[in-house]
Amino acid sequence: MAQEAVTASIAVVTRHSTGCPRGSDPQWRRCNCCKAIYIYENGKVVYRSAKTRLGDQAERVAQAERELRDPVKAKLREIEEKEAEKRSREAERIANRAKVEDAVSDWLASHKAPAVSTANTHKIFAQKVSRWAAEQGVEYLDDMSKQMLDKWRGGWSSTAKCKDDRMALTTQSHFLSRLKEFFRWAMATDRLDRDPSLALAPIAPSDKRTMPLTPGQFNELLVATEEYDANQPRKKLQHGAELRAIFLSIRWSGLRLADVSE
């Protein structure tokens, strides 16, 4: 590299105009004639206009040409260019960071669930994620860490202090599956470069099953709706008839409560 720098010779020369008293001396810089840069490199001579008539300004142009061929400064420029490129990529990444609120809203909009109950489930999930992120002070999706999600998962239970975290075992299992689905979607849509939910251990659903009411229990339920109305001080607070209609619809149609109540 040092040998290459020696092969270049760069100097300021003057292209004197006709009538200049120093016309015979190309090294003279104090006249008002046009200045040029003499470059001898690799056995060839090149002249480049300095685009000035002032010797000092021309010398700065010549110095810039020398620095272009300086191996140390060339390496420094290369390092600076790489750093500038890195800063540019980082600035672009920051500018394109997905906010939690926006990502959750977009995820919700991407699910066109035909069933009302499924749509409500998605909406509840989105609300829980948004509220949890806000409580943690997390604004951007890529700030959600594996440790944060693991700690959140560990706090789910039927007796959790936070209302949103109160979930039975089977509900926890379903919620975790939907959480992992959300982060897979975020990865697939270029909102994330990494999936923080990958390390979350699965949750086995409860093996307990809810048994249907016996005919006797169902009749007791209907009677309870009438007693409910009887205990209300004002007629507008009496909803027994509505409850009976819902329970009977579930009984004879097989629909879920969320579907019937809509």
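Here are some notes:
- Among residues of segment 235-254, those that are surrounded by fewer than 15 Cβ atoms within 10 Å (Cβ to Cβ), part of a loop (DSSP other than H, G, I, E, B) and either in contact with a helix residue (DSSP H, G or I) (Cβ under 8 Å, 6 or more places away or on another chain) or modelled with pLDDT of 80 or more (or both), counted: 1
- In segment 209-223, the residues that are within 13 Å of Phe247 (Cβ to Cβ) reach residues that are at pLDDT below 90 and not in a helix (DSSP H, G or I) with C-beta atoms within less than 7 angstrom, at least six apart or across chains, in these pairs: Leu221/Leu213.
- For segment 60-85, a tally of residues being surrounded by 12 or more Cβ atoms within 10 Å (Cβ to Cβ) and among the charged types (D, E, K, R) returns 8.
- Cβ-Cβ distances below 6 Å connect no pair with a first residue in segment 164-193 that is without any contact (Cβ under 8 Å) to a residue 60 or more places away in the chain and surrounded by 17 or more Cβ atoms within 10 Å (Cβ to Cβ), a second residue that is part of a helix (DSSP H, G or I) and of a type in the set (A, V, I, L, M), and a separation of six or more residues or different chains.
- Subset of segment 22-53 [under 14 Å from Ala11 (Cα atoms), exposed (fewer than 15 other Cβ atoms within 10 Å of the Cβ) and in contact (Cβ under 8 Å) with a residue 12 or more places away in the chain]: Gln27, Tyr40, Glu41, Tyr47, Arg48, Ser49
The values are calculated or read from the model by the stated rules, or taken from the named source; none is laboratory data. As the structure is a computational prediction, the values presented were derived from the model and not from experiment. Don't worry about glycine lacking a Cβ; one is built from the backbone with ideal geometry, like all the others, and counts go over all protein chains shown.
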